[in-house]
Amino acid sequence: MKDNVVKAGGLGKPGRTRYPGPITEARKHAHSLVEQGFASDEALARVLDRYPAELFDINLYDYDADGQVSLRTGARGKLSGDQLLEAIQAGRLWVNLRKAEQGCPALWAASMLEFDRIQAAYPGMKAVTNAGQLIISSPVARVPYHFDAAGVVLFHLRGRKRLYIYPGDEQHLPERNMEQVVARQTTEELPYARAFEGDAQVMDLEPGEALTWPLYAPHRVDNLDKFCVSLSMDFQTWSSRMRNGALYTNAVIRSRGGAPRFTDQMSRPELAARWAASLALRRFGGLKSRIAQFERDFEPAVGVADGAGALQP
Ligand SMILES: [Fe+2]
């Protein structure tokens, strides 16, 4: 398999990520989901037809000259699967179908078999939960700089994508921002600066390739002028679960005026204690989610600019 890693900015040296884990750098693996027929227009149109409307996220991203992003969001609308596919292929849309384990169970079952094989390549890695999103996006779509509070395997099915993966250190991934994301006080976008670009590990993904990277590593994605389809599978291990719990507890402590220590300075028993505290805090409403229900700005349409038409009553 072609492996076009651009080595940059201390790749592979200790310090690329603060968080220990079996995955130490971005790496590709082969998968057979394309050969199994999941990526054809017909298969995708069928999935779109059946997918529950409440599990659609439809985003339209705009970037300014400094790479700072603004977002418009779309409603599912009433297009058939075929038409929606056409709108995405001709437009500038990023469509995220959440809960793939429910929405496209056949693809999900095949993906889990692939995941088990990939996991076996990392001694000591044991996912305790897996979830996924099927991402169908326009040829020019770009996903802004963010991190996922989980491990990720990105199964690429159609088109070409360029992934930029950055070190998970305090400069690129401030713990205060991680706390805010884990406690759902904000969406997942992190502060981004053009100066980060020299630190990126850059990898191009072709259909039939899957990519993993270290837990929490910030990343962004550019589609390379082709309609793209990927299944993004995220997973929790006991370590990531405890880390997320500790980040949540720290968010609550900080919201009450405290100044908690960074989780990467905590021992495992300390992390476990903070995770246990997070379970109680979540149950008793430690922090209310501030992620508002977005007002929708458009709905997908065929034959209009960006594939974004007016909202229909
Ligand atoms: Fe991501």
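The values are calculated or read from the model by the stated rules, or taken from the named source; none is laboratory data. A quick note: this is a predicted structure, and the numbers were derived from the prediction, not measured. In this analysis, Cβ positions are derived from the backbone assuming ideal geometry, glycine residues included, and neighbour counts consider all displayed protein chains. These accessible areas exclude ligands, DNA and RNA; they are computed on the full protein's heavy atoms, side chains included. Shrake-Rupley method; radii C 1.70, N 1.55, O 1.52, S 1.80 Å.
Taking the stretch 153-244 and the strands (runs of 3 or more DSSP E) fully enclosed by it, the elements with 1 or more residues that are crowded, with 17+ Cβ neighbours inside 10 Å and more than 13 Å from the ligand (Cβ to nearest atom) are at 201-205, 209-212, 219-223, 228-236.
Each row is one residue, and each column tells you yes or no for (1) assigned to a helix (DSSP H, G or I); (2) under 27 Å from Pro144 (Cβ atoms); (3) at pLDDT 95 or above; (4) open to solvent by 10 Å² or more (accessible area, probe 1.4 Å).
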position: Arg76; (1), (2), (3), (4): no, yes, no, yes
position: Leu79; (1), (2), (3), (4): no, yes, no, yes
position: Val95; (1), (2), (3), (4): no, yes, yes, no
position: Ala106; (1), (2), (3), (4): yes, no, yes, yes
position: Phe115; (1), (2), (3), (4): yes, yes, yes, no
position: Ala121; (1), (2), (3), (4): no, no, yes, yes
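The residue that is surrounded by the most Cβ atoms within 10 Å (Cβ to Cβ), among those in the stretch 123-152 that are away from the ligand (no atom under 16 Å from the Cβ) and among the polar types (S, T, N, Q), is Ser138. I need a count of the residues in the stretch 37-48 that are outside any helix (DSSP H, G or I) and either exposed (fewer than 14 other Cβ atoms within 10 Å of the Cβ) or of a type in the set (A, V, I, L, M) (or both). Number satisfying all stated conditions: 3. Scoring Ala259 on the criteria (1) under 21 Å from Ala100 (Cβ atoms); (2) of a type in the set (Gly, Ala, Ser); (3) surrounded by fewer than 22 Cβ atoms within 10 Å (Cβ to Cβ) leaves a single failure, condition (1).
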